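Since every read-out is calculated from the coordinates, none of them should be taken as a lab result. Just so we're clear, the structure is a prediction, and the values are computed from it rather than from any experiment. Cβ coordinates were reconstructed from backbone atoms using ideal geometry, including for glycine residues, and neighbour counts include every protein chain displayed.
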């Protein structure tokens, strides 16, 4: 495995396999296999916890309404049924 440059606006490190020649990027940390950065997901969840509507949350986070709806559906599964853990996940810090 050797380094093979960078790509994208975030300058993600690329690698090349010396045996097969395939190129790939280092894995990026993204919550629940989301394309959104962790900070954006936390903003969406925080807005929802604060009682903002789906439309307002989408506008504030600069995402589509369907993205907010997806996280509204996924977030309860993240909390394991405990609303206090959902609030902690949304705020990014313990209450």
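Annotations
- Förster radius 25 Å - calculated FRET efficiency between residue 26 and residue 49, Cβ distance, rounded to 0.05: 0.20
- The slack between residue 18 and residue 60, meaning 0.36 nm per residue of separation minus the straight C-alpha distance, is 10.6 nm.
- Counting neighbouring beta carbons within 10 Å and listing from fewest to most, the residues 54, 44 come out as 54, 44.
- Net lengthening on full extension, residue 7/residue 72 (0.36 nm per residue, minus Cα-Cα): 20.2 nm
- Proxy reagent accessibility, fewest Cβ within 10 Å first, across 72, 36: 72, 36
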